[in-house]
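Report on one structure; see the data block that follows.
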Amino acid sequence: MSKRRDKMIGKKYILTGGTGGLGQSLVNELVARGAAVLVLGRNHERLESLEQLYPDYVTVKVLDMNDQRAIQQFTAQLKESYDGIINNAGFGYFKSLADHSDEELIQMMNVNFTHTALLMKNVIPHLRSGASIINISSQSARVTTPYGAVYAASKAALLSLTNSIRLEHPEFHVMSVNTGPIATDFFKHADQSGYYAQATAKIQLDRFVLASQIIEGLLQKKLEVNSPGWMHYGLTLYQLAPRQIEKLLKPFFLSKHR
């Protein structure tokens, strides 16, 4: 048995958005290393399938991250202590602010930030000392993102909160995960035209590789996982002169607009 697996045997984690894409890959990775996972999600059938696939490691709870009362009820009923929470639930739309319906805007901020913050606040009393808080943000949180601004703003808020929690709660390991495009069904919802998925096909991250990097980051107590690296370093350079770079590379910044 590997040392990596030894470190996670007997550990218990909460994971949101675990029924597809990166979330399901994270479940697979945690279970493969011997951890138990409480998976939260909306899709009852997919949750049930996960529980049946990993009966000794996975328990599930139907929870809509857009439902404030449901989140409060769930956390009020928690009895166990956990070794960490991974906040992965999220979605987006690639459209202008004016083209969002009021409901889309509110739901996106709720799921990606407001209710994720609420869940964290109420789960913290159930975390053991040294536990990990892992928040899946986005590289878009660090850059001007026209026609994807609400999604980017929600992730920027989550990134800012994550960095603050790290200082507010030194008893925990707090890690932000900032990713570029991932090869999942995210784009089918965000851009139903398929344009952006096609345009980024060559740079999309493998969700299984990314899940392994995230759990390795958890084990190594990293503060950040930034993937792909070239995008992270490019955006670090962008921060030095963002308005000038926007002018020089305007077509790139408008890549979500057709």
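The values are calculated or read from the model by the stated rules, or taken from the named source; none is laboratory data. Predicted model, so just to flag it, every value in this text is computed and none were measured. We place every Cβ from the backbone using ideal geometry, glycine too, and count neighbours over all the protein chains shown.
I need a count of the residues in the stretch 69-98 that are under 15 Å from Arg42 (Cα atoms) and loosely packed, with under 14 Cβ neighbours inside 10 Å. Adding up the residues that qualify gives 1.
Residues in the stretch 202-227 that are part of a helix (DSSP H, G or I), at pLDDT below 95 and surrounded by 12 or more Cβ atoms within 10 Å (Cβ to Cβ): Ile203 only.
So which residues in the stretch 117-143 are in a strand (DSSP E or B) and surrounded by 15 or more Cβ atoms within 10 Å (Cβ to Cβ)?
Pass one, the stretch 117-143, residues in a strand (DSSP E or B): 127-136.
Selection gives Leu127, Ala131, Ser132, Ile133, Ile134, Asn135, Ile136.
Only residues that are under 20 Å from Gly92 (Cα atoms) and polar (S, T, N, Q) were counted in the stretch 193-235, giving 6. Which ones in the stretch 118-175 are over 13 Å from the mean Cα position of the chain (by Cα) and among the basic types (Lys, Arg)? Of everything in the stretch 118-175, those that are over 13 Å from the mean Cα position of the chain (by Cα) and among the basic types (Lys, Arg) turn out to be Lys121, Arg128, Arg142, Arg166.
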